[in-house]
Ligand code: CP
Ligand code: NVA
C-alpha cells in the first residue's frame, strides 16, 4: 500500500463531512474489536511522538494506549525534559523529530506554534489542544453523540460557559456537520467567529441567558471556567461565570432526553452541578473513553488513508 498524501489535523475544519463519516465508522469498528479483545494492529512499527507543553491525563493515556493497541510505539516529550523548554526553535524541533517518527501529537499554547511545527514536519501533526482549538475532543464528543443518539445533523448543541478552545471547535464542527450551536457566555468571554474561521453565523446563535441557550437542546455541554494558561484570570473568571453553571434547572430546559457532556477535568459546584455530571443524562465517561477509539481511527486515517484493513 502507498502512503496517503501528507495531511495534518490541526483544526476540526481540516476534514470534510465525508471524511468524518469514514473516521466515525472506523472508530466504531475499532471500538468493537477492542471490546472483543480482537487485535487490530495496522500501525505495527510506527512511532508517535507526543509533545506536551501543558498538563494532561486523558490525551496522554488515550494516545499512548491507543498507539500501542494499533501495534505502534510512542515517545513522550514535555517542555521540561526536552530542548523545547530551552528555546530550540520550533522549526528545528519539527525537522528533527519528524525525521525519526511517523506521527506527532502536540499540546501547546498558541495555534501558530502548532502551525509552525506542521509547516516543517515531514509527518502528520495532530492538535492535542491549543489555546484556540481541541479537535480531538470534539471528534470524540460527536462520536459519543452518534453512539447514543444517531446522526448529529440537524440537532442542537448548547454551549454554556467560556468562549474557549472547546467552544471554537464546536463552532467549526457545526458548520461542517450541519448542526446548530447555541452559545451562552458571560460578557467579555464571547466566542470570536474569526478564530473559528467559519464563513457564516448560520450554524450558531448567541444567547445572553444560559437557560435560553439550553431550551430544546439535544446536548448540553460546558467546560472549566479557567483553561490552562489563563490561571492568572482565575479570580475574575470565578466572579464573571457564577451564573454559568449547568444545573438541573438548565437541564430541564433542554430536551427530556438531552445528553450532558464535559471534556473533563470538571469542577463540581463551579461549571457543573454534581447532580448533572453524575446524573443519568451525563455521558462523560463514555466521552472520555471514546477519545481513545476516535483517535485510533484518526491516526489510522492519517497514516493509511482508507486502507486500515
Ligand atoms: N479532555 C482532555 O483533553 O483531558 P486532559 O487534559 O486530561 O488530556
Ligand atoms: N478548555 C480546557 C480544556 C481542557 C481539556 C483547557 O484548555 O484547559
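The values are calculated or read from the model by the stated rules, or taken from the named source; none is laboratory data. These numbers were taken from a predicted model, which means no experiment stands behind them. Neighbour counts run over all protein chains shown; Cβ positions are idealised from the backbone, glycine included.
Let me confirm something: among 308, 216, which residue is within 28 Å of residue 107 (Cβ to Cβ) and away from ligand 1 (no atom under 16 Å from the Cβ)? Steps first, answer last, please.
Working: 216 fails: within 28 Å of residue 107 (Cβ to Cβ).
Only one candidate qualifies: 308.
May I ask you to list the residues in region 54-72 that are within 13 Å of ligand 1 (Cβ to nearest atom), under 22 Å from residue 308 (Cα atoms) and in contact with a strand residue (DSSP E or B) (Cβ under 7 Å, 6 or more places away or on another chain)?
Residues satisfying the conditions are 63, 64.
Taking residue 133 and the conditions (1) within 19 Å of residue 6 (Cα to Cα); (2) part of a loop (DSSP other than H, G, I, E, B), which numbered condition does it fall short on, given that it satisfies the others?
In the conditions (1) within 19 Å of residue 6 (Cα to Cα); (2) part of a loop (DSSP other than H, G, I, E, B), residue 133 misses (1) alone.
Where residues in region 51-92 are touching a residue at least 40 places away in the same chain (Cβ under 8 Å) and under 15 Å from residue 114 (Cα atoms), which of them is nearest to ligand 2 (Cβ to nearest atom)?
Within region 51-92, the match that is nearest to ligand 2 (Cβ to nearest atom) is 54.
Only one of (1) buried (at least 20 other Cβ atoms within 10 Å of the Cβ); (2) part of a helix (DSSP H, G or I) is not met by residue 126, so which one is it?
(2)
Of the numbered conditions (1) buried (at least 23 other Cβ atoms within 10 Å of the Cβ); (2) within 16 Å of ligand 2 (Cβ to nearest atom), residue 158 satisfies every one except a single condition; which is it?
Of the numbered conditions (1) buried (at least 23 other Cβ atoms within 10 Å of the Cβ); (2) within 16 Å of ligand 2 (Cβ to nearest atom), the odd one out for residue 158 is (2).
Being over 27 Å from residue 177 (Cα atoms), surrounded by fewer than 20 Cβ atoms within 10 Å (Cβ to Cβ) and in contact with a strand residue (DSSP E or B) (Cβ under 6 Å, 6 or more places away or on another chain) narrows it down to one residue among 75, 96; which is it?
Details: 96 fails: in contact with a strand residue (DSSP E or B) (Cβ under 6 Å, 6 or more places away or on another chain).
Within the list 75, 96, the selection yields 75.
Taking helices (runs of 4 or more DSSP H) that fall entirely within region 177-285, which contain at least 2 residues that are away from ligand 2 (no atom under 16 Å from the Cβ) and crowded, with 20+ Cβ neighbours inside 10 Å? Working first, answer last.
Details: elements: 193-196, 210-214, 234-240, 248-253, 274-277.
Hits in region 177-285: 210-214, 248-253.
Find the residue count for region 259-281, including only residues that are touching a helix residue (DSSP H, G or I) at 6+ places or on another chain (Cβ under 7 Å) and closer than 16 Å to residue 161 by Cβ. If you could, list the steps in order and put the result at the bottom.
Keep residues of region 259-281 that are touching a helix residue (DSSP H, G or I) at 6+ places or on another chain (Cβ under 7 Å), which gives 259-264, 266, 268, 273, 275-277, 281.
Pick out the ones that are also closer than 16 Å to residue 161 by Cβ and you get 260-264, 266, 268, 273, 276-277.
Residues in region 259-281 being touching a helix residue (DSSP H, G or I) at 6+ places or on another chain (Cβ under 7 Å) and closer than 16 Å to residue 161 by Cβ: 10 in total.
Do we have residue 80 as modelled with pLDDT under 95, away from ligand 1 (no atom under 16 Å from the Cβ) and part of a loop (DSSP other than H, G, I, E, B) here? Steps first, please.
Details: modelled with pLDDT under 95: yes; away from ligand 1 (no atom under 16 Å from the Cβ): yes; part of a loop (DSSP other than H, G, I, E, B): yes.
Judged against the criteria, residue 80 is a match.
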